[in-house]
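All remarks here apply to the structure that follows.
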Amino acid sequence: MTFQPRQTSPRGVIENQRLLELHLYPGNRCNRECDFCTVFGSAEGWYADYTPEHLDAALGTVMLDERGVVKFYGGEPTLSPDNLLWAIAYLRDRGFGGSIVIYSNGIQADHLTDILAADPLGKTTASLNYSIATGDGAPQMPLSSLRKLEAYEAEQPGAIAMGHADIVDSGRGIDPFTGEENRPKSAHRCPHCYPVLKTDGSFHACPFAVENAAPHFQLGTIQDAPEMVADNFQTFLDWIDTVHEPYAIAHDQPACTVCWQHLEALPTPEFRQAAAEVAS
Ligand SMILES: C[S@@+](CC[C@H](N)C(=O)[O-])C[C@H]1O[C@@H](n2cnc3c(N)ncnc32)[C@H](O)[C@@H]1O
Ligand code: SF4
Ligand code: SF4
């Protein structure tokens with residue numbers, strides 16, 4: 001296949017209370033229902049548009065220079081192309097100079113390539129779902145879509161990358177996964193992903209666990225100061241290293257299984273609270 005593996009950014013980088021990377025999530029509505037899906041994607045999933053309030057909060061949280069990365073995922077981002085095109089233009093109009101990544105199953109290939117082509121800075125790329133691109137662990141995307149994406153990548157090398165093959169035990173998880181046995185599935189160490197701004201207005205600490213409502217993941221909302229959200233994310237990473245990982249090792253559990261099934265055994269990270277909440 002034409003696509004190169006997606007490159008990852010350094011983890012845990014926070015500078016002047018801004019994050020190197022931020023995920024944006026409008027819900028888990030999807031045109032597929034993968035049996036391993038970490039966010040429970042389905043046609044009945046929830047969806048809410050990005051608004052100026054969400055994107056202003058994103059612009060206050062992520063690094064705005066060329067190092068910053070904003071990652072749109074879901075659900076399937078290509079099902080709402082107009083709102084996504086608007087969101088990319090909004091970020092660019094307001095000075096976001098970093099790169100943008102669209103996580104997609106690629107089935108709506110024309111929408112995906114239109115979105116990639118629309119970035120005035122030409123720094124929007126796609127990351128494809130490994131299982132759906134290859135047919136290993138999920139029905140493959142229609143070959144007509146795959147051919148369009150391969151042709152686009154051949155014309156614009158580097159525009160479309162292949163996502164990671166790893167399957168983590170989160171959401172529908174690893175038990176129903178039917179792909180190759182040799183794809184990595186468990187590790188005691190959390191991959192330290194960057195957090196998520198959801199279109200319900202909340203910041204969640206983990207893109208894999210984004211549908212897990214436990215208080216351990218709640219970093220704040222778009223009403224809060226972005227600096228507080230960044231500090232809370234640092235607190236979350238410290239909690240992962242000092243509380244979560246030792247528990248995973250002691251109980252010989254994969255890291256994501258601890259988040260999905262054992263959080264009640266772990267204290268909540270000591271997050272800063274919004275001033276309004278503290279006063280009430
Ligand atoms: C949740 S999907 C959303 C975007 C799009 N629908 C897609 O499938 O790429 C984002 C990425 O998460 C990956 N993913 C889904 N479930 C996973 C799991 N249990 N472990 C690891 N990655 C997973 C998908 O393969 C995809 O690359
Ligand atoms: S992995 Fe992506 S394509 Fe599959 S159900 Fe989840 S959101 Fe949809
Ligand atoms: S260990 Fe927890 S925080 Fe880390 S990636 Fe897995 S679910 Fe997310």
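Taking the Cα centre of the chain as origin and assigning +1 to Lys and Arg Cβ atoms and -1 to Asp and Glu Cβ atoms, the resulting dipole is close to 400 debye. Sorting 20-27, 81-88 by their mean Cβ neighbour count within 10 Å, with the most densely packed peptide first, gives 20-27, 81-88. Partners of Lys71 within straight-line reach, counting aspartates and glutamates whose Cα lies under 16 Å from its Cα and excluding those fewer than 8 residues away in the same chain: Glu21, Asp49, Asp56, Asp119. In terms of its Cα atoms, segment 1-75 spans 39, 36, 21 Å along the principal axes, sorted from long to short. Near the amide H of Met162, within less than 5 Å, lie the amide hydrogens of Gln4, Arg6, Leu128, all on another chain or at least 5 residues away, with H placed in the peptide plane. Computed from backbone phi with θ = phi - 60° and the Karplus coefficients 6.51, -1.76 and 1.60, the 3J(HN,Hα) list for segment 201-210 is x, 10, 9, 10, 6, 9, x, 6, 9, 4 Hz; x is used for glycine and proline.
A straight chain from Val13 to Asp35 at 0.36 nm per residue would run longer than the Cα-Cα distance by 4.7 nm.
Divide by every residue of the chain the summed helix terms, -39500 (n - 2.57) for each DSSP H run of at least 4, and state the resulting mean residue ellipticity at 222 nm, rounded to the nearest 500 deg cm²/dmol.
Estimated from H runs of four or more residues: -8500 deg cm²/dmol.
Evaluated at q = 0.08, 0.10, 0.12 Å⁻¹, the base-10 log of the normalised Debye intensity for segment 4-279, with identical point scatterers placed on the Cα atoms, takes the values -0.31, -0.50, -0.73.
3J(HN,Hα) couplings calculated from phi for segment 244-250 with the Karplus curve 6.51 cos²θ - 1.76 cosθ + 1.60 (θ = phi - 60°) are, in sequence order, 5, 5, x, 5, 4, 5, 4 Hz; Gly and Pro show x.
Counting neighbouring beta carbons within 10 Å and listing from fewest to most, the residues Tyr103, Tyr194, Tyr47 come out as Tyr47, Tyr103, Tyr194. Of the peptides 30-43, 153-166, the ranking by mean beta-carbon count within 10 Å, highest at the top, reads 30-43, 153-166.
Read the figures in this text as sums done on the coordinates, not as results from a lab. All of these numbers come straight from a predicted model, not from anything done at the bench. Because the Cβ atoms are built from the backbone with ideal geometry, glycine has one as well, and the counts that use them run over all protein chains shown.
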